[in-house]
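J.: So that we are looking at the same thing, I have put the structure below in structure tokens.
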């Protein structure tokens with residue numbers, strides 16, 4: 001199950017649900033797209049206050065993982081001085097996710113419409129579309145779509161950039177630094193203050209921009225007609241693991257988690273846990289997870305959240321301890337190595353977790369893992385080490401019985417079986 005670069009499982013595009021908006025029809029050609037979606041407002045030199053108000057009323061939040069209010073982010077960029085830039089963030093570093101790749105490939109014009117809307121909202125003339133260079137189909141779809149749009153004169157100056165295949169490339173300051181000719185590693189500088197070429201920059205996830213296009217054309221009330229009062233709209237979820245049809249599905253926020261599993265054909269064997277949010281996410285017990293609703297509020301009691309929009313079903317035959325150790329090793333390999341928690345803390349966690357998976361670590365080493373996680377969390381230059389520690393802590397809780405067996409020198413039966421999670425090799429470089 002280990003593959004090179006950012007390889008992800010073959011995913012089906014599920015279009016059987018009642019909540020589809022982004023995935024409805026998905027015409028890839030401009031003529032077909034325009035039959036369904038009107039041209040967005042062309043960007044001007046100043047932010048569009050009416051458009052910003054509509055986006056704020058919609059309640060749209062970012063779909064890249066953080067869930068930050070989109071209008072608030074747009075206003076921050078629009079309020080900054082100087083020529084502004086919009087960056088379409090298609091550097092999908094989460095190995096378990098395929099939703100952004102699916103959108104870029106199957107609905108490129110919807111994403112580009114959203115970028116134009118974002119440019120109009122903040123008063124930007126330049127738009128840079130960043131796509132992971134290991135996704136040639138997505139890159140080709142975007143380039144073809146932009147060639148088709150040349151006659152529309154949408155007022156934006158477009159650029160396509162093939163970004164490095166590294167996990168932290170998608171972090172806003174990392175992608176900004178890379179576009180400026182540096183390595184794609186986080187700097188801690190806020191893009192809305194000093195972004196591409198030192199200009200105020202909006203770095204926005206692919207899915208968020210696609211929703212933005214629909215908010216602009218259909219209105220905030222339409223957007224709020226699905227989802228919950230506090231978390232309106234739909235969201236894309238990549239569903240993999242022990243399911244009959246690994247898929248990218250679109251569901252209303254607040255949908256029951258079992259419905260999401262059902263949309264992927266249902267579980268293919270009995271489950272012991274769900275990994276929600278991706279590798280940067282949280283393990284939850286399968287029984288509890290299948291009683292939850294898919295939203296920040298619905299998953300919060302389990303210590304989880306939608307994150308990057310991923311649900312991985314772990315079969316009962318797998319070893320959660322061994323799976324977690326493999327992911328921690330990947331986290332360590334993907335570190336930019338700029339600060340102590342990443343350069344030293346993550347390799348130490350990965351090594352200790354691997355020893356536990358082999359049955360070569362005792363209870364004292366388990367206690368040390370817990371202590372190290374507390375020492376690392378919140379101390380990195382970015383949130384990369386936080387994702388690793390959150391995953392580890394949830395594993396020590398959800399797989400407590402297996403942890404005890406491993407620490408007693410008797411690894412569970414699942415540890416000798418083939419891996420259940422697809423964990424890629426580290427990326428090829430930072431430039």
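Here, each number is a calculation from the coordinates, and none is a lab measurement. Computed from a predicted model, the values in this text were never measured in an experiment. Don't worry about glycine lacking a Cβ; one is built from the backbone with ideal geometry, like all the others, and counts go over all protein chains shown.
J.: Between residue 400 and residue 230, what length comes free when the chain is fully extended (0.36 nm per residue of separation minus the Cα-Cα distance, one decimal in nm)?
T.: Value of the extension gain: 57.8 nm.
J.: Treating the angle as unsigned and between 0 and 90°, give the value, to the nearest 10°, between the Cα long axis of helix 320-334 and the longest Cα principal axis of the chain.
T.: Computed tilt is about 50 degrees.
J.: Separate question: Along each of the three principal axes of the Cα atoms of segment 22-224, give the extent in whole Å, ordering the values from largest to smallest.
T.: Largest to smallest, the principal-axis extents are 41, 36, 32 Å.
J.: Now, a different point. Considering only DSSP beta bridges whose two residues both sit in segment 22-224, what percent are antiparallel, to the nearest 5? Walk me through the numbers before you get to the answer.
T.: Numbers: 1 of 20 bridges.
Of the beta bridges lying entirely in segment 22-224, close to 5 percent run antiparallel.
J.: Using a Förster distance of 25 Å, how high is the FRET efficiency between residue 317 and residue 262, based on the Cβ-Cβ distance and rounded to 0.05?
T.: E(calc), rounded to 0.05, equals 0.70.
J.: Roughly how many Å is it from the Cα centre of segment 325-380 to that of segment 292-321, as a whole number?
T.: If you average the Cα positions of each part, the centres end up 21 Å apart.
J.: Let me ask you something else. What does the highest-first list of 368-376, 289-297 look like by mean Cβ count within 10 Å? Walk me through the intermediate numbers first.
T.: Details: 368-376: 16.3, 289-297: 18.7.
Output ranking for 368-376, 289-297: 289-297, 368-376.
J.: Compute the acute angle (0 to 90°) between the alpha-carbon long axis of helix 346-358 and the principal axis of greatest extent of the alpha-carbon atoms of the chain; round to the nearest 10°.
T.: So the helix axis and the longest Cα principal axis differ by about 40 degrees.
J.: Something else about it: Compute the acute angle (0 to 90°) between the alpha-carbon long axis of helix 70-79 and the principal axis of greatest extent of the alpha-carbon atoms of the chain; round to the nearest 10°.
T.: That helix lies at roughly 50 degrees to the long axis.
J.: Roughly what would the spin-label model give for residue 197 and residue 351, points 7 Å off Cα along C-beta, in nm?
T.: Between residue 197 and residue 351, the simple spin-label model gives 4.6 nm.
J.: Give me the percent of DSSP beta bridges within the chain that run antiparallel, rounded to the nearest 5.
T.: Of those bridges, close to 45 percent are antiparallel.
J.: Kindly state, to the nearest 0.05, the FRET efficiency for residue 368 paired with residue 245, given R0 = 51 Å and r defined as their beta-carbon distance.
T.: For R0 = 51 Å, the calculated efficiency reads 0.80.
J.: Describe numerically, in nm with one decimal, the distance between label points set 7 Å from Cα along Cα→Cβ at residue 159 and at residue 360.
T.: Placing both labels 7 Å along Cα→Cβ, they lie 4.8 nm apart.
J.: Let me ask something else about it. Counting other beta carbons within 10 Å of each Cβ, put 245, 422 in order, fewest first.
T.: Final ranking by Cβ density, sparse to dense: 245, 422.
J.: Let me ask something else. Once both labels are modelled 7 Å past Cα along the beta-carbon direction, what's the residue 300-residue 190 spacing in nm?
T.: 2.4 nm
J.: OK, next. Nearest 0.05, what FRET efficiency do residue 375 and residue 137 give at R0 = 25 Å with Cβ-Cβ as r?
T.: 0.05
J.: Okay, moving on. Zone of residue 79 (label point 7 Å along Cα→Cβ, backbone N under 18 Å): which residues in segment 188-216?
T.: Within reach of a label on residue 79, which here means backbone N under 18 Å from a point 7 Å along Cα→Cβ, segment 188-216 contributes 190-195, 200-203.
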